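Okay, so here's the structure we're looking at.
The values are calculated or read from the model by the stated rules, or taken from the named source; none is laboratory data. In this text, all values refer to a predicted model and were calculated from it rather than measured experimentally. Note: ideal-geometry Cβ built from the backbone for every residue, glycine included; neighbour counts use all protein chains shown.
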Amino acid sequence: MSKLACKCGHVMVARTMEEDFLYEIIPQKVIIQLLNEWDEKDTAFTSDDFFDYYNQFRQDVYKCPSCGRVIIENEPRANKFSFYAKEL
C-alpha cells in the first residue's frame, strides 16, 4: 500500500493498484522495443517477461481527485515526485 499527499492536502492511498487516480507513463521508444521483442519471441514471451521489462522504465503518475494536480515520479522507482497544476 502506498500513500502520496498532494500539495492541496488530499492524501491518495493505493490499496488495490486499481484506483482511478493511478496512472503510469513509459517512453514511446520503450513500448516499441517491448513490442518488437514480443514479436521476436512470439509464444516464448511471457507476461513475466513483459512486466520485468516494462517495470524498468515506468514512472508512477497520480492525478489528485481533489484539485486535479498531476504528480509524476521524477525517475523510475525514484519515489520522488514533481507536482503540476493546470494553468488558468
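Do you know which of the residues in the range 40-75 that are of a type in the set (S, T, N, Q) and touching a residue at least 24 places away in the same chain (Cβ under 8 Å) is surrounded by the most Cβ atoms within 10 Å (Cβ to Cβ)? Per the stated criteria, the residue is Q59. Annotation: W38 fulfils all but one of (1) at pLDDT below 85; (2) closer than 20 Å to D20 by Cα; the unmet one is (2).
When the residues of the range 41-58 are filtered to those that are at pLDDT 80 or above and charged (D, E, K, R), the one that is nearest to the chain's Cα centre (by Cα) is R58. When E37 is tested against (1) surrounded by 10 or more Cβ atoms within 10 Å (Cβ to Cβ); (2) without any contact (Cβ under 8 Å) to a residue 12 or more places away in the chain; (3) among the charged types (D, E, K, R), just one condition goes unmet, and that condition is (2). Scan the range 20-34 for residues that are under 18 Å from R77 (Cβ atoms), in contact (Cβ under 8 Å) with a residue 40 or more places away in the chain and of a type outside the set (V, I, T) and the total you get is 2.
Candidates in the range 1-34 are the residues that are assigned to a strand (DSSP E or B) and among the hydroxyl-bearing types (S, T, Y); of these, the one that is surrounded by the most Cβ atoms within 10 Å (Cβ to Cβ) is Y23. Since C6 meets every condition but one in (1) modelled with pLDDT under 85; (2) in contact with a Ser or Thr (Cβ under 8 Å, 6 or more places away or on another chain), which condition does it not meet? Single failed check for C6: (1).
When residues of the range 76-88 are filtered for being assigned to a loop (DSSP other than H, G, I, E, B) and surrounded by 10 or more Cβ atoms within 10 Å (Cβ to Cβ), how many remain?
Of the residues in that region, 5 qualify.
When you scan the range 37-46, do you find a residue that is within 18 Å of I25 (Cα to Cα) and not in a loop (DSSP other than H, G, I, E, B), even just one? No, the range 37-46 contains no residue that is within 18 Å of I25 (Cα to Cα) and not in a loop (DSSP other than H, G, I, E, B).
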